[in-house]
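Single-structure report; data block below.
The values are calculated or read from the model by the stated rules, or taken from the named source; none is laboratory data. Just so you know, these numbers come straight off a predicted model, no measurement behind them. Because the Cβ atoms are built from the backbone with ideal geometry, glycine has one as well, and the counts that use them run over all protein chains shown. The accessibility values were calculated without ligands, DNA or RNA, using every heavy atom of the protein model including side chains. Shrake-Rupley method; radii C 1.70, N 1.55, O 1.52, S 1.80 Å.
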Amino acid sequence: MSIPTNLRYTEDHEWVKVEGGKAVVGITEFAQSELGDIVFVELPAVGDEIGAGESFGSVESVKTVSELYLPVAGKVIEINEDLEDSPELVNESPYEKAWMVVIELANEADVDELLTADQYKDAIAE
């Protein structure tokens with residue numbers, strides 16, 4: 001199972017990649033494997049202000065619907081529109097093609113509270 005070391009993670013299985021005051025957010029390979037085949041992704045609107053830990057959308061699989069929780073507070077500046085027509089990208093490429101939102105960070109220090117790759121690996125092993 002892939003757990004890229006350049007990302008930060010949550011115990012709810014979201015990943016974050018920080019790039020100059022912005023955060024790209026998606027769900028982990030572990031999360032998509034637990035959910036099964038993804039059939040629908042609901043994302044917020046560009047411009048939405050969302051707090052850390054608040055829901056920013058959901059993913060629907062053949063098994064269940066799961067809420068998505070934003071790991072860091074900020075303003076949505078971009079959404080991955082490809083997921084609207086191709087939700088299966090979440091299963092095929094959770095770290096590259098299936099990023100979900102780009103957030104303008106309200107506080108870059110929020111990232112320091114997230115799990116490292118090693119900490120996330122330990123968390124999912126339990």
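Key figures
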| quantity | calculated |
| --- | --- |
| Members of region 99-117 that are part of a loop (DSSP other than H, G, I, E, B) and either without any contact (Cβ under 8 Å) to a residue 60 or more places away in the chain or touching a Gly at 6+ places or on another chain (Cβ under 6 Å) (or both) | W99, M100, A106, N107 |
| Residues located in region 9-23, provided they are under 14 Å from W99 (Cβ atoms) and open to solvent by 20 Å² or more (accessible area, probe 1.4 Å) | K17, V18, E19, K22 |
| Set D82, D118, D48: member being touching a helix residue (DSSP H, G or I) at 6+ places or on another chain (Cβ under 8 Å), at pLDDT 95 or above and more than 15 Å from A31 (Cβ to Cβ) | D82 |
| Check on L83, touching a residue at least 40 places away in the same chain (Cβ under 8 Å) and farther than 27 Å from D118 by Cα | yes |
| Odd one out for N107 among (1) modelled with pLDDT of 95 or more; (2) open to solvent by 50 Å² or more (accessible area, probe 1.4 Å) | (1) |
| Any chance V101 is open to solvent by less than 20 Å² (accessible area, probe 1.4 Å) and on the phi < 0 side of the Ramachandran plot | yes |
| Selection count where residues are part of a strand (DSSP E or B), among the hydrophobic types (A, V, I, L, M, F, W, C), out of contact with any Ser or Thr (no Cβ under 6 Å at 6 or more places or on another chain) and surrounded by fewer than 19 Cβ atoms within 10 Å (Cβ to Cβ), scope region 38-85 | 3 |
| Pairs, first on the phi > 0 side of the Ramachandran plot in region 53-71, second of a type in the set (F, W, Y), C-beta under 8 Å, six or more apart | G53/Y69 |
